[in-house]
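Take a look at the structure set out below.
The values are calculated or read from the model by the stated rules, or taken from the named source; none is laboratory data. Note that the structure is a prediction, hence the values are computed from the model and not measured. Ideal geometry is used to build each Cβ from the backbone, glycine not excepted, and the neighbour counts take in all protein chains shown.
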Amino acid sequence: MTSRSKLREIRVHVKRVAIVEGEVVVLVLGTQTRGLQVYIGWPEALAIVKAWRGWETHRPITTEVLANALEATGNRIAKFVLAKIEDNCFYGELHLKEGNKPGAIVDCRPSDGVAAALVHKAPLYINVAVMDRAAVPLADAQRTGEDFVSGVIAGSIAHKYWVQLLGRLAESDAALTLKLKGRKGQLVSQDDENVIHMSKRDRTFEYMAEYICNAAGLTEKRTGRRVQGTVTVKGDDTAFKVKVSAYMPKRGLPKSIRIDARRL
């Protein structure tokens, strides 16, 4: 337990979760103008992103178990406060409520507190003294590293789906076209015009398009015309050489990506 903070607090939101140098994860909390970076672990980053993005899994993870246990005993998380900084270490507080009455204040790591608060859709705050001491302009705070979702989660999802699809469809050595429309996709075989619909609620096919364009070097060729590249996609026991061709707009993803895959 900890004592109730008397200092003024500033409402913040999760602005970014990023990877620095391939292994360190940074959580950016901020307002519209200022951001504060908190270094966190990978499991905590996944928990925060899951709650932040509203992703669902078959079984609850640790922060969801905590939130569910509190709710089962008549408590809820009222808010999270990043309350103080000592020796370059941040300290957080989970403020609970029992019904309409203020409840206990629980000491926590900022990463755990943010993840648990997001599960209960509770607001996030930073003590004004901490904000004044540690915050930087938001643009500078967000500039750090590679986006955690697209860099790690999206990359692993996209690679898995590409291995599965190429394993199913590259046997015929037929050229394929991945067509995107919003979050839905079609994979069209050019030899017999078979169409495989791949509708998903999540961003899987956006991830797939971004992944294959990045891997084949097409993203670096945003010329507003059709460009080509080659990438090797490896699975556990197989690999494919993939020629990729697409009209690359100067912004966003192409609407249609031509795929010519051969098993190695």
Residue that is surrounded by 20 or more Cβ atoms within 10 Å (Cβ to Cβ), without any contact (Cβ under 8 Å) to a residue 60 or more places away in the chain and not hydrophobic (A, V, I, L, M, F, W, C), where the choices are Y247, Y211:
Y211
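Within the range 217-227, can one find any residue that is closer than 17 Å to L165 by Cβ, surrounded by 12 or more Cβ atoms within 10 Å (Cβ to Cβ) and either among the aromatic types (F, W, Y) or out of contact with any Ser or Thr (no Cβ under 8 Å at 6 or more places or on another chain) (or both)? It would help to see each step written out before you state the result.
Step one: filter the range 217-227 for residues closer than 17 Å to L165 by Cβ, giving none.
So far as the range 217-227 goes, no, none of its residues is closer than 17 Å to L165 by Cβ, surrounded by 12 or more Cβ atoms within 10 Å (Cβ to Cβ) and either among the aromatic types (F, W, Y) or out of contact with any Ser or Thr (no Cβ under 8 Å at 6 or more places or on another chain) (or both).
I'd like the residue in the range 144-178 that is polar (S, T, N, Q) and in a helix (DSSP H, G or I) and, out of all such residues, is modelled with the lowest pLDDT.
We begin by selecting, within the range 144-178, every residue polar (S, T, N, Q); these are 144, 150, 156, 164, 172, 177.
Now drop any that are not in a helix (DSSP H, G or I), which leaves 150, 156, 164, 172.
Numbers: S150: 67, S156: 75, Q164: 76, S172: 52.
Of everything passing the filter in the range 144-178, S172 is modelled with the lowest pLDDT.
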I'd like the full set of residues that are under 23 Å from the mean Cα position of the chain (by Cα), exposed (fewer than 12 other Cβ atoms within 10 Å of the Cβ) and small (G, A, S), limited to the range 50-94.
G54
Looking for something modelled with pLDDT under 80, under 25 Å from the mean Cα position of the chain (by Cα) and either part of a loop (DSSP other than H, G, I, E, B) or of a type in the set (G, A, S) (or both) - is there at least one such residue anywhere in the range 208-222?
yes
Give the residue that is surrounded by the fewest Cβ atoms within 10 Å (Cβ to Cβ), with candidates limited to residues of the range 250-264 that are under 16 Å from F205 (Cβ atoms) and touching a residue at least 40 places away in the same chain (Cβ under 8 Å).
K255
Looking at (1) touching a strand residue (DSSP E or B) at 6+ places or on another chain (Cβ under 9 Å); (2) at pLDDT 60 or above, which is the only condition K181 fails?
(1)
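State whether the residues of the range 135-143 include one that is β-branched (V, I, T), touching a Leu at 6+ places or on another chain (Cβ under 8 Å), outside any loop (DSSP other than H, G, I, E, B) and surrounded by 20 or more Cβ atoms within 10 Å (Cβ to Cβ).
First pass over the range 135-143, keeping only residues β-branched (V, I, T): 136.
Pick out the ones that are also touching a Leu at 6+ places or on another chain (Cβ under 8 Å) and you get 136.
Right, trim to outside any loop (DSSP other than H, G, I, E, B) and you get 136.
Checking the rest, the ones that are also surrounded by 20 or more Cβ atoms within 10 Å (Cβ to Cβ) come to none.
No - not one qualifying residue is present in the range 135-143.
Could you identify the single residue in L66, L27, L70 that is in a strand (DSSP E or B) and at pLDDT 85 or above?
Values: L66 fails: in a strand (DSSP E or B); L70 fails: in a strand (DSSP E or B).
None of the other options fit; the residue is L27.
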Among (1) touching a residue at least 40 places away in the same chain (Cβ under 8 Å); (2) part of a strand (DSSP E or B) - the single one L96 does not satisfy:
(1)
